[in-house]
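Enquirer: Just passing along the structure, written as structure tokens.
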Amino acid sequence: MEKLDLDNKNDASIEHHLGNLPKKTYGPFAAEISGPFRLDVTFDGEVIVRSEVETGYFHRKLERLLEKRRWKSILPLLDHLDPEGAAFTELAACLAVEELKKIEVPPRAQMIRIVVTEMTRISQHLGYIGRVARSVGGETLFHYTARDREKLLDLFELLSGARFSLNFIRFGGVRGDVTDGFIERVLELCEMIQIRPKEYNDLFTFTRSFVQRSAGVGVIEAEHALRDGITGPALRASGEAKDLRKDKPYTGYGQIDFDVQVGRGDVGTVGDAHDRFLVRLREIGQSVEIIRQALDRLPAGSFCSDPGEDRPPPAGEATVAVETARGQLRCYVKSDGGEFPAQMKFDSPSVALVKHLPALLPGQRVEDISFLVTGMDICISEADR
Amino acid sequence: MMEAGVWAKSWERFFGISTALPPPVIAALGMTFLHLCFVFPLVWVVLFFERKLGADLQARIGPNRTGLFGFFQPIADIIKLFKKRTRGITTQEAVWEMALIATLFSTVAILPTTEDLVFLNTGLTLIFPVLIFVMIALWAMFLGISRETVIGVLGAVRILAKATTAAFPVLVSLLCVGIRSGGMSWTQVIHVQGVLPHQWNAFSNPFLFVAFIIFVLGGLIALSIPPFDGSQGVSLMEYRAECVLNFSGTRLGLFYYSRTYALVMWCMAAAGIFLGGWNVPSFMRTYIEAAGVYPLAQFFEVSAVLVKTFVLVTVVIWVSRVSSRQRTDHVTDWVWKLLGPVSLLALMGTAIWESGVILR
């Protein structure tokens with residue numbers, strides 16, 4: 001369907017036409033969207049002609065709360081930015097504080113951090129695959145990915161005592177060392193996870209019904225993705241090979257060799273919903289490879305530069321970006337030398353993803369709303385903070 | 001065409017009902033008996049089986065708390081839903097819902113249970129299920145429109161689109177059967193088939209096998225049974241039909257019951273039309289009648305139908321669990337472009353094949 005030129009706001013006839021069309025509001029709590037946010041959609045028949053998004057329903061003043069806590073006490077609260085990807089938030093904040101304090105993180109701790117963050121990435125991607133499959137009726141794949149994800153979460157529980165909110169990364173390293181038993185279990189898990197993408201592909205990814213629903217649907221072109229600040233797998237699916245782990249390696253990623261997965265339009269158009277799904281599936285394989293390399297390179301030594309160290313950072317500011325499972329997470333930390341952070345701000349990848357929805361949905365069909373919104377992998381928790 | 005009143009005599013003979021009762025009373029008693037003693041337990045078992053089979057396919061356990069292996073889970077679900085406090089409905093919604101339910105459950109009259117107990121056995125009985133699903137779609141459409149919401153109207157249109165799209169190939173597939181059977185009544189269709197698979201309509205010639213596939217698929221599409229339930233919401237989470245949005249409590253329980261019954265009814269019709277129906281080895285019937293244990297013959301006939309129905313239901317559940325949901329426009333697209341022309345080819349092929357048989 002030809003998209004209406006809604007940028008031409010002087011055209012009163014377009015507005016009049018749109019005003020006569022039926023509208024529906026999804027949310028803030030709706031089964032179709034991974035809320036809470038509000039999605040207003042205007043239809044012309046079964047085709048969406050306009051959509052608007054309103055966020056903020058999950059704003060908890062997280063950044064302000066962080067500024068009211070002592071430096072060491074911010075770590076448990078950081079997990080609440082993105083509960084699924086807690087390790088990434090912890091890592092970003094710790095890297096920023098380490099930059100302020102000029103702390104050298106031991107090599108062993110760097111490798112452990114890589115293992116934990118890549119396991120978190122695999123966990124998030126499995127959750128994404130399950131949610132997208134469920135949104136198009138693929139319940140079976142959802143249960144399979146949930147089953148595999150449980151094994152990962154069991155390892156997290158073994159490591160840190162918690163399944164999601166790990167509270168494991170510390171300033172200068174990690175909270176505790178990994179044992180040989182844990183390493184062995186992680187390697188066993190890698191063996192299992194490595195064969196899963198093929199199973200998922202056979203069951204779901206390249207089946208006619210899913211290809212028909214996703215190929216050429218919800219295309220995000222590379223220039224639009226860059227314009228809207230989209231990062232991560234959604235940008236890579238559009239063909240842009242941008243990954244901070246390669247472009248600006250941090251915490252030891254410079255020693256790890258892996259491939260950046262980009263969308264190739266295998267069954268449809270580059271940047272469509274199928275590519276966004278496939279990129280994440282392939283990144284699971286790459287994360288397994290990264291974990292293996294990190295464990296191979298795991299040197300002996302300390303797991304934290306100074307576990308008892310409690311001095312606040314000197315006055316200054318630092319900005320650090322990490323590549324999370326959804327995109328780039330930037331953390332800005334400002335210290336005035338006091339016991340409390342002067343300012344903490346996060347720029348999360350979900351903000352750009354939510355902002356892009358009004359451009360993504362027009363031209364799509366009503367039945368694809370849930371699939372497309374789920375496929376954008378929006379975490380309102382980190383978008384609203 | 002079956003002689004009027006013969007069916008009543010069968011029921012009188014089977015149940016020992018007084019011959020003084022007027023046939024409509026016997027019909028009412030019979031329909032109630034069929035529903036309570038046949039349809040309800042059947043739907044219960046299929047609901048339980050669907051949960052367990054689906055769980056097994058998804059590497060889960062499924063219900064295992066209520067009764068042995070969770071057998072009473074469907075009852076527990078129904079009781080829970082009936083206890084729920086629900087919103088009121090408008091008069092319009094009530095009318096269309098009642099029409100929908102009454103239309104669907106009127107198909108109890110054509111269930112091919114046994115030769116002696118089927119109610120409606122006229123020359124056009126086989127067309128009845130197709131008429132029913134078109135009417136159900138019509139009532140569902142009115143129900144959706146009566147909701148006066150955007151999504152209700154869209155869901156209504158989708159349901160009717162699928163039903164009208166599927167009606168054509170299904171009707172043509174029934175014509176294929178009519179050519180072989182020489183009629184459209186249950187007795188004609190089932191008597192032309194035999195006990196063994198190669199004697200069934202579905203496997204007697206390749207064109208009728210195609211007609212069988214078209215019949216089953218068409219029914220699933222028209223009745224919005226997974227994986228063709230794209231009209232049901234915009235996501236799996238909204239798995240209740242859009243035109244029946246906000247079903248809860250008793251009405252939601254009735255919706256699940258009705259959907260499962262529709263699946264069973266369609267598979268039973270397919271078993272009767274294409275898979276030999278109630279045919280049992282003739283020596284069994286002869287021996288049983290000679291021994292005077294008359295109801296045992298009906299028991300074996302019903303069992304034959306139920307076994308075939310269950311096999312079909314299993315295949316449908318299996319496919320629905322492993323397949324993702326198709327969008328409504330995709331479904332109507334391939335039904336028009338594929339099922340329709342293929343059904344016509346099957347009709348021509350059946351006509352040529354059967355005429356060859358006659359000439360031979």
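Enquirer: Jot down the per residue volume, in cubic angstrom and as a whole number, of the convex hull over the alpha-carbon atoms of region B:246-307.
Expert: Hull volume over Cα atoms, normalised by residue count, gives 82 Å³.
Enquirer: Still on this model: Could you work out the relative contact order of region B:127-210, using alpha carbon pairs under 8 angstrom and six or more residues apart, expressed as a whole percent?
Expert: 20
Enquirer: Based on C-alpha coordinates, I'd like the Rg and Dmax of chain A, in Å.
Expert: Reported Rg and Dmax, both Å: 21.5, 71.
Enquirer: Which one, B:136, B:288, B:179, has the greatest fluctuation when you compute a Gaussian network model over chain B with C-alpha springs under 10 angstrom?
Expert: Comparing B:136, B:288, B:179 in a Gaussian network model of chain B, the most mobile one is B:288.
Enquirer: Once you've got the GNM for chain B with C-alpha springs shorter than 10 Å, pick whichever of B:312, B:68, B:160 has the biggest mean-square fluctuation.
Expert: Evaluated over chain B, the most mobile residue of the options is B:68.
Enquirer: With just the Cα atoms of region B:16-72, tell me how far they stretch along each of the three principal axes, in Å, largest first.
Expert: Its Cα atoms span 56, 19, 13 Å along the three principal axes.
Enquirer: Where Rh denotes the Kirkwood radius from the mean inverse Cα pair distance, what is Rg over Rh for region B:93-215?
Expert: For region B:93-215, the value is 1.07.
Enquirer: While we're here: Most mobile of B:272, B:219, B:178 per a Gaussian network model of chain B (Cα springs, under 10 Å)?
Expert: Among B:272, B:219, B:178, the largest mean-square fluctuation in the Gaussian network model of chain B belongs to B:178.
Enquirer: Give the calculated FRET efficiency between residue A:68 and residue B:86 to the nearest 0.05, with a Förster radius of 35 Å applied to their Cβ-Cβ distance.
Expert: Step by step, r from the Cβ atoms, then E = 0.15.
Enquirer: Still on this structure, please answer the following. Report, in listed order, any pair from A:68/A:101; A:101/A:151; A:151/A:246; A:68/A:102; B:52/B:308; A:24/B:337 with a Cα-Cα distance greater than 30 Å.
Expert: Violating the 30 Å Cα-Cα cut-off are A:101/A:151; A:24/B:337.
Enquirer: How large are Rg and Dmax for region A:255-330 when calculated on the C-alpha trace, in angstrom?
Expert: According to the Cα coordinates of region A:255-330, Rg and Dmax are 18.5, 55 Å.
Enquirer: Something else about it: Along the charge dipole of the protein assembly as shown, which of B:34, A:362, A:183 sits closest to the positive end, that is, farthest toward it, with unit charges on the beta carbon of Lys, Arg, Asp and Glu (+1, +1, -1, -1)?
Expert: My answer, from the dipole projection, is B:34.
Enquirer: Here is a further query. Per the Kirkwood treatment, what hydrodynamic radius in Å, one decimal, follows for the protein assembly as shown from the mean inverse distance over all distinct Cα pairs?
Expert: This gives a value of 29.2 Å.
Enquirer: Roughly how many debye, to the nearest 20, is the charge dipole of the protein assembly as shown about its Cα centre, given +1 on each Lys and Arg Cβ, -1 on each Asp and Glu Cβ, and no other charges?
Expert: In debye, rounded to 20, the protein assembly as shown gives about 1220.
Enquirer: Hey, if you drop one equal point scatterer on each alpha-carbon of region A:47-149 and run the Debye formula without solvent, what base-10 log of I(q)/I(0) do you get at q = 0.18, 0.19, 0.22, 0.24 Å⁻¹?
Expert: Calculated log10 I(q)/I(0) at the listed q: -1.01, -1.05, -1.15, -1.22.
Enquirer: Which order do peptides B:346-352, A:60-66, B:138-144 fall in by mean Cβ count within 10 Å, highest first?
Expert: Result, highest mean first: B:138-144, B:346-352, A:60-66.
Enquirer: Follow-up. List the relative contact order of chain B as a percent without decimals, with contacts defined as Cα pairs under 8 Å and 6+ residues apart.
Expert: In percent, rounded to a whole number, it is 21.
Enquirer: Moving to a separate point now. Roughly how crowded by other chains is peptide A:140-146, in terms of the mean Cβ count from those chains within 10 Å of each of its Cβ atoms?
Expert: 4
Enquirer: Can you pull the percent of Cα pairs in region A:220-294 with separation above 18 Å?
Expert: In whole percent, the share of Cα-Cα pairs in region A:220-294 beyond 18 Å is 40.
Enquirer: Still on this model: Can you find, among A:136, A:75, A:97, the residue sitting farthest towards the positive end of the charge dipole of region A:61-137, where Lys and Arg contribute +1 and Asp and Glu -1 at Cβ?
Expert: Of A:136, A:75, A:97, it is A:75.
Enquirer: Please turn the phi angles of region A:322-330 into ³J(HN,Hα) values with the Karplus equation 6.51 cos²θ - 1.76 cosθ + 1.60 (θ = phi - 60°), one per residue in order, whole Hz, x for glycine and proline.
Expert: Couplings: 10, 8, 8, 5, 9, x, 7, 10, 10 Hz.
Enquirer: Hey, any idea what Rg/Rh is for region A:285-373, computing Rh the Kirkwood way over Cα pairs?
Expert: 1.16
Enquirer: Now for a different question. If you take all C-alpha pairs in region B:8-162, what percent of them are over 29 Å apart?
Expert: For region B:8-162, the share of Cα pairs beyond 29 Å comes to 41 percent.
Enquirer: Let me confirm one metric for peptide A:203-214, namely the mean number of other chain beta-carbon atoms within 10 Å of its residues' beta-carbons.
Expert: 3
Enquirer: Starting from a Cα-only point model with no solvent, please compute log10 I(q)/I(0) by Debye for chain B at q = 0.12, 0.13 1/Å.
Expert: Summing over Cα pairs of chain B leads to -0.95, -1.11.
Enquirer: Per residue of B:150-160, what is the mean number of Cβ atoms on other protein chains within 10 angstrom of that residue's Cβ?
Expert: 3
Enquirer: Name the long-range amide H neighbours of residue A:50: under 5 Å, sequence gap of 5 or more, or other chain; modelled H, no Pro or chain starts.
Expert: A:42
Enquirer: Oh, and also: Using a basic spin-label model with each label point 7 Å from the Cα along Cα→Cβ, how many nm lie between residue A:300 and residue A:177?
Expert: 1.0
Enquirer: Next question, about the same structure. Efficiency by 1/(1 + (r/R0)^6): what FRET value for residue A:310 and residue A:194, r their Cβ-Cβ distance, R0 = 41 Å, to the nearest 0.05?
Expert: With a Förster radius of 41 Å, E is 0.50.
Enquirer: How would region A:225-366 be classified by its alpha-carbon gyration tensor: rounded, prolate or oblate, with rounded meaning a/c under 1.5 and the a/b versus b/c comparison settling the rest?
Expert: oblate
Enquirer: May I pose another question? Nearest 0.05, what FRET efficiency do residue B:122 and residue B:314 give at R0 = 22 Å with Cβ-Cβ as r?
Expert: Efficiency for this residue pair is about 0.10.
We did not get these values from a lab; they are worked out from the coordinates using the rules stated. Treat the numbers as computed from the prediction; the structure is a model and nothing was measured. Ideal geometry is used to build each Cβ from the backbone, glycine not excepted, and the neighbour counts take in all protein chains shown.
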